[in-house]
Amino acid sequence: MLKGKKILLGVTGSIAAYKSAILIRLLVKAGAEVRVIMTEASKNFVTPLSLSTLSKNPIISGLADNDSWNNHVLLGRWADIMLIAPLSCNTLSKMANGNCDNLLMAVYLSAICPVAAAPAMDEDMWKHVTTKSNILKIKGSGNYILPVENGELASGFTGEGRMKEPEAIFQWLNEFFTTRLELKGKKVLVTAGPTYEPIDPVRFIGNHSTGKMGVAIAEEMNRRGANVTLILGPSSIIVTSEVETIRVNTAKEMFMTCENKFADADITVMTAAVADYTPLVVEPEKIKKSEPVFELKLTRSPDILSSLGNKKKDGQILVGFALETKNEREYALKKLKSKNADLIILNSLLDEGSGFGYDTNKITIFDKQGNELQFEKKPKKDVAIDIVNCIINLLDA
Ligand code: CTP
């Protein structure tokens, strides 16, 4: 499972850094590509020469090495997973607070791949209330934490805080990549972002959607092995290169692209905030102001989800969103039925931290069997995991 996988290993200052050498050896033997970022403190515990020899790659350490800049954004994009092992108390605190004072943190803060960490520290530090709260914080941002073990510690005491053994971390990585590929061979279509309906050459009707939720779903589908096409309205969001992205502007363009792609899709998720109305006439020249009241005639734009719902064949899964400001449950259930969707995901603008522009969302998922699944407010990356899990359950049903 690890053959060809790109693993970015961060090593920080802890006695457990010697275990990184064993882990690297196991990963390289299994065919993984390993690149190692060492913090300055980690070099007191294990030498860069040992880790570069075992990983078969030069060690990356400073924001610039040998007069050339280490591109932290590209490193984060290169990796299939970033693993910080050992994770020292100091780096944990930086992760929790977003400090960016070394290359490891610059990569962590720009990584778009999943991030896992294996903490290592003495029991008293591990049990400190600040450490506990930092762990909760980084878990809440979607990082995976490999639990510490109980045993002999560097202080000479015995207790909780030992880093997981390299063999167990290796096993965890193997499992991580196996469960990621539940959607291998599946074609997925996702719409995201707003649409812009032109009024004249300088003006349009739009909305506040940023596309974050849809892009998070597209990326999660891709991580699980699906072949993903994202149809994205005007949005400045950056999408990983593995997701095929088709840019559109208007509801009509989004409609036509969806109609084209839908027949081939096993799963379609419509997160886009499509404009329901579009100007009847698009003026070729800029409209000049004259009268105190100006009327604009609008006409209904196509309801893409409904149209796809009418064409849906057996075995295809169609998922829609419902963005509501009142009577949320009633409207969501109405959309599930009228648009012939298999799932409707409700997000209410009444919930704080939910909806356009936020990095978090709070959703309820409704299915055709009458089930209703409520989730806590979470980062959109984690919401995407919940949604994809729910869709996979439908596939398995
Ligand atoms: N949708 C669509 N085409 C439209 C409008 C909406 O495909 N012209 C899709 C959205 O992508 C979403 C679902 O339909 O998955 C519900 O969108 P929402 O804006 O909540 O509702 P509307 O259908 O537009 O209905 P209303 O504005 O009356 O709430």
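The values are calculated or read from the model by the stated rules, or taken from the named source; none is laboratory data. What you are looking at is a predicted structure, and each value in this text was computed from that prediction instead of being measured. Glycine also receives a Cβ, built like all others from the backbone with ideal geometry; neighbour counts cover every protein chain displayed. Note: areas computed on protein heavy atoms with side chains; ligands, DNA, RNA excluded. Shrake-Rupley method; radii C 1.70, N 1.55, O 1.52, S 1.80 Å.
Looking at (1) acidic (Asp, Glu); (2) surrounded by 15 or more Cβ atoms within 10 Å (Cβ to Cβ); (3) without any contact (Cβ under 8 Å) to a residue 60 or more places away in the chain, find the lone condition where Glu197 falls short.
Status for Glu197: all satisfied but (3).
Residues that are under 19 Å from Lys127 (Cα atoms): list the strands (runs of 3 or more DSSP E) wholly contained in the range 137-209 that include at least 1 such residues.
Strands (runs of 3 or more DSSP E) meeting the threshold: 149-152, 158-162.
How many residues are open to solvent by 50 Å² or more (accessible area, probe 1.4 Å) and either under 18 Å from Phe170 (Cβ atoms) or in contact with a helix residue (DSSP H, G or I) (Cβ under 8 Å, 6 or more places away or on another chain) (or both) if we restrict to the range 51-76?
Total meeting the criteria: 5.
Within the range 241-253, which residues are in a loop (DSSP other than H, G, I, E, B) and surrounded by fewer than 16 Cβ atoms within 10 Å (Cβ to Cβ)?
Ser241, Glu242
I need the full set of residues from the range 183-206 which are among the hydrophobic types (A, V, I, L, M, F, W, C) and within 22 Å of the chain's Cα centre (by Cα), in order please.
If we filter the range 183-206 for residues that are among the hydrophobic types (A, V, I, L, M, F, W, C), which is where we start, we get 183, 188-190, 192, 199, 202, 204-205.
The answer is Leu183, Val188, Leu189, Val190, Ala192.
Quick one: which of Lys335, Lys261 is within 27 Å of Glu244 (Cα to Cα), assigned to a helix (DSSP H, G or I) and either out of contact with any helix residue (DSSP H, G or I) (no Cβ under 6 Å at 6 or more places or on another chain) or of a type in the set (D, E, K, R) (or both)?
On inspection, the qualifying residue turns out to be Lys261.
Count, please, the residues in the range 255-274 that happen to be open to solvent by 60 Å² or more (accessible area, probe 1.4 Å) and more than 13 Å from the ligand (Cβ to nearest atom).
So the answer is 4.
Is there a residue being near the ligand (Cβ under 8 Å from one of its atoms) and not basic (Lys, Arg) anywhere in the range 275-291?
Among the residues of the range 275-291, at least one is near the ligand (Cβ under 8 Å from one of its atoms) and not basic (Lys, Arg), which makes the answer yes.
In the range 113-121, is there at least one residue being under 19 Å from Pro379 (Cα atoms), in the same structural domain as Gln171 (by TED's automatic domain parsing), assigned to a loop (DSSP other than H, G, I, E, B) and touching a residue at least 24 places away in the same chain (Cβ under 8 Å)?
Yes: the range 113-121 contains one or more residues that are under 19 Å from Pro379 (Cα atoms), in the same structural domain as Gln171 (by TED's automatic domain parsing), assigned to a loop (DSSP other than H, G, I, E, B) and touching a residue at least 24 places away in the same chain (Cβ under 8 Å).
Filter the range 299-332 down to the residues that are open to solvent by 60 Å² or more (accessible area, probe 1.4 Å) and either within 23 Å of Val215 (Cβ to Cβ) or among the hydrophobic types (A, V, I, L, M, F, W, C) (or both) and list them by number. Please lay out each step first, then the result.
Pass one, the range 299-332, residues open to solvent by 60 Å² or more (accessible area, probe 1.4 Å): 300, 310-311, 313-315, 323, 325-327, 329-331.
Matches in the range 299-332: Leu323 only.
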